[in-house]
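Colleague: Please find one structure pasted underneath; my questions will follow.
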Amino acid sequence: MSFARLVTINEFSLKLAKNKKKRQNLRGSASEPLPGTFGPRSPATVENPTPRRLDSITTHTTMDQPSPTHPPVIFLMGPTASGKSRLAMELATRLPCEIVNADSVQIYRGMTIGAAKPTTEERHQIPHHLLDVTGPDTPWSADRYREAAWELIPHLHARGVIPLFVGGSGLYLRAVEQGLAATPPIDTTLLDQIRTEANQSGWPEVHRMLAEVDPESAQRITLNDSQRILRALSVWRATGIPLSRWQREQPPPPPWPILKLALLPPRTLLYPRIEARFDQMLDRGLLDEARTLLKQGCDRTLPAMKAVGYRQLFEYLDGKHTLAEAIHLAKQESRRYAKRQETWLKREKRLILLTQEPFIEEALAHISLFLEVACPKKPDAGAHPTP
């Protein structure tokens, strides 16, 4: 993939200052939105909280030697229902940020309520990117997400905007931060062939086939992880090269300094939020949204159709569960998903956990220090050093 030219840090700082001034006086942006982008730029002023000690902030760049020579990127991570979206909206109204979706389900059109997408009003208030990019019948991978994100970031930087990535899909964010191996597109006929074999023999048997040709991948993939088995075996059959070998040939990581913030509420607070949010989704029409998706006739083994919450309601509509059972299973699986997200976050390096609710001031303090390092002020043209 060809990369747009990255502006230098001084160019970005100048654009950043112009962006701030413009936002104090104008509503909206004249720039043409990119695909998957929603909403005009709203005016806001930048709050500059009292800085903390410099060693309380972790600046990160994936280059060999950290260097503030490229515009910055911010990640806001956390498990489902942890409050990421609300905090992101607060940050984006007080900083020159635009929100970039990092949720693997929000990529898909038609999955609005169950994916907890931002409202129409929120999209008009703050531009959102990489939402509703494709239909549920067209799977997206972490590598495709990386390509889209790496292409988007320079466009935002060129307008003096800091990309604020928000979501709980850890692999997507890791792909943006570190790069990810590009694997070839797979013909749907081959995928359908493997699915047919799985329907006849079961996924454990297909896993055994994978172990014969790509033991390294098979060792990492569980016997019933149909999505990953399908991907790994299809890559081998299409190219004759194991997926594990493709993954070792990943591109170099990007040069942007990245600040990684995370919300990680205790489970005693998080789990009731998860259950209450699912009830709210049902009240807003989630069951009707699930019916509409089923009418599209998408393959039920596609990643979008296996999303938590939707899958359990599909099973209710199939007659496998009562509605009460489906709701119970959806909440249970949502809690398990949040637990997996927590495990992922605890393994992340250079991650700053926000601990002081309502989090906005703490987040702004970290960002302020980060920008001092990542966006140093350009010296005045006529300035002379003091003797």
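Colleague: Inspect all residues belonging to the range 298-320 and state whether any of them is more than 27 Å from Arg228 (Cα to Cα) and not assigned by TED's automatic domain parsing to the domain that holds Tyr108. Give the steps one after another, and end with the answer.
Modeller: Initial filter on the range 298-320 (more than 27 Å from Arg228 (Cα to Cα)): 319.
Restricting the remaining residues to those that are not assigned by TED's automatic domain parsing to the domain that holds Tyr108 gives 319.
For the range 298-320, residues more than 27 Å from Arg228 (Cα to Cα) and not assigned by TED's automatic domain parsing to the domain that holds Tyr108: present.
Colleague: So, one more: Just name the residue that is nearest to the chain's Cα centre (by Cα) out of those in the range 171-193 that are small (Gly, Ala, Ser) and surrounded by fewer than 20 Cβ atoms within 10 Å (Cβ to Cβ). Please lay out each step first, then the result.
Modeller: Restricting attention to the range 171-193, the residues satisfying the condition of being small (Gly, Ala, Ser) are 175, 179, 181-182.
Next, only the ones that are surrounded by fewer than 20 Cβ atoms within 10 Å (Cβ to Cβ) stay: 179, 181-182.
Values: Gly179: 14, Ala181: 17, Ala182: 18 Å.
Among those residues, the one meeting the criterion is Gly179.
Colleague: Regarding the range 178-189, can at least one residue be identified that is out of contact with any Cys (no Cβ under 9 Å at 6 or more places or on another chain), within 24 Å of Leu313 (Cβ to Cβ) and among the β-branched types (Val, Ile, Thr)?
Modeller: Initially, the range 178-189 is screened for residues out of contact with any Cys (no Cβ under 9 Å at 6 or more places or on another chain), giving 178-189.
Checking the rest, the ones that are also within 24 Å of Leu313 (Cβ to Cβ) come to none.
Scanning the range 178-189 turns up no residue that is out of contact with any Cys (no Cβ under 9 Å at 6 or more places or on another chain), within 24 Å of Leu313 (Cβ to Cβ) and among the β-branched types (Val, Ile, Thr).
Colleague: With respect to Arg336, determine if the residue is basic (Lys, Arg) and in contact (Cβ under 8 Å) with a residue 12 or more places away in the chain.
Modeller: For Arg336, the condition - basic (Lys, Arg) and in contact (Cβ under 8 Å) with a residue 12 or more places away in the chain - is not met.
Colleague: Between residues in the range 348-362 that are without any contact (Cβ under 8 Å) to a residue 24 or more places away in the chain and among the aliphatic types (A, V, I, L, M) and residues that are in a loop (DSSP other than H, G, I, E, B) and crowded, with 17+ Cβ neighbours inside 10 Å, which pairs lie under 9 Å by C-beta distance while being six or more apart or on different chains?
Modeller: That search, which allows pairs on different chains as well, returns nothing.
Colleague: Any idea which of Gln247, Gln219, Gln227 is under 24 Å from Lys339 (Cα atoms), in contact (Cβ under 8 Å) with a residue 40 or more places away in the chain and assigned to a helix (DSSP H, G or I)? Spell out how you get there, then give the answer.
Modeller: On the way: Gln247 fails: under 24 Å from Lys339 (Cα atoms); Gln219 fails: in contact (Cβ under 8 Å) with a residue 40 or more places away in the chain.
Being under 24 Å from Lys339 (Cα atoms), in contact (Cβ under 8 Å) with a residue 40 or more places away in the chain and assigned to a helix (DSSP H, G or I) holds for just one of Gln247, Gln219, Gln227, which is Gln227.
Colleague: If a residue has to be touching an Asp or Glu at 6+ places or on another chain (Cβ under 8 Å) and not in a helix (DSSP H, G or I) to count, how many in the range 167-194 make the cut?
Modeller: So the count comes out to 7.
Colleague: Right, here's the next one. Give Ala148, Ala92, Ala88 a once-over and let me know the one that is surrounded by 19 or more Cβ atoms within 10 Å (Cβ to Cβ), within 15 Å of Gly168 (Cβ to Cβ) and not hydroxyl-bearing (Ser, Thr, Tyr).
Modeller: Working: Ala148 fails: within 15 Å of Gly168 (Cβ to Cβ); Ala92 fails: within 15 Å of Gly168 (Cβ to Cβ).
Step by step, each of Ala148, Ala92, Ala88 is checked, and only Ala88 is surrounded by 19 or more Cβ atoms within 10 Å (Cβ to Cβ), within 15 Å of Gly168 (Cβ to Cβ) and not hydroxyl-bearing (Ser, Thr, Tyr).
Colleague: Taking the condition surrounded by 20 or more Cβ atoms within 10 Å (Cβ to Cβ), over 19 Å from Ala102 (Cα atoms) and touching a residue at least 12 places away in the same chain (Cβ under 8 Å), does Leu294 pass?
Modeller: Numbers: surrounded by 20 or more Cβ atoms within 10 Å (Cβ to Cβ): no; over 19 Å from Ala102 (Cα atoms): yes; touching a residue at least 12 places away in the same chain (Cβ under 8 Å): yes.
No.
Colleague: Could you tell me whether Leu164 is hydrophobic (A, V, I, L, M, F, W, C), in a loop (DSSP other than H, G, I, E, B) and in contact (Cβ under 8 Å) with a residue 40 or more places away in the chain? Even if it seems obvious, please write down each step before you answer.
Modeller: Working: hydrophobic (A, V, I, L, M, F, W, C): yes; in a loop (DSSP other than H, G, I, E, B): no; in contact (Cβ under 8 Å) with a residue 40 or more places away in the chain: yes.
No: the conditions fail for Leu164.
Colleague: I would also like to ask the following. Identify the residue in the range 297-326 that is within 25 Å of the chain's Cα centre (by Cα) and of a type in the set (Val, Ile, Thr) and, among all such residues, is surrounded by the most Cβ atoms within 10 Å (Cβ to Cβ).
Modeller: Out of the qualifying residues, it is Val308.
Colleague: Select from the range 271-304 the residues that are outside any helix (DSSP H, G or I) and modelled with pLDDT of 95 or more and list them in ascending order.
Modeller: Within the range 271-304, the first condition is being outside any helix (DSSP H, G or I), and the residues that meet it are 284-285, 296-303.
Arg284, Gly285, listed by residue number.
Colleague: Is there a residue in the range 196-205 that is aromatic (Phe, Trp, Tyr), closer than 26 Å to Arg86 by Cα and crowded, with 16+ Cβ neighbours inside 10 Å? Reasoning before the result, please.
Modeller: First pass over the range 196-205, keeping only residues aromatic (Phe, Trp, Tyr): 203.
The next check asks that each one be closer than 26 Å to Arg86 by Cα; those that pass are none.
Looking through the range 196-205, none of the residues is aromatic (Phe, Trp, Tyr), closer than 26 Å to Arg86 by Cα and crowded, with 16+ Cβ neighbours inside 10 Å.
The values are calculated or read from the model by the stated rules, or taken from the named source; none is laboratory data. Since the structure is predicted, the reported quantities are computational estimates derived from the model, not experimental observations. In this analysis, Cβ positions are derived from the backbone assuming ideal geometry, glycine residues included, and neighbour counts consider all displayed protein chains.
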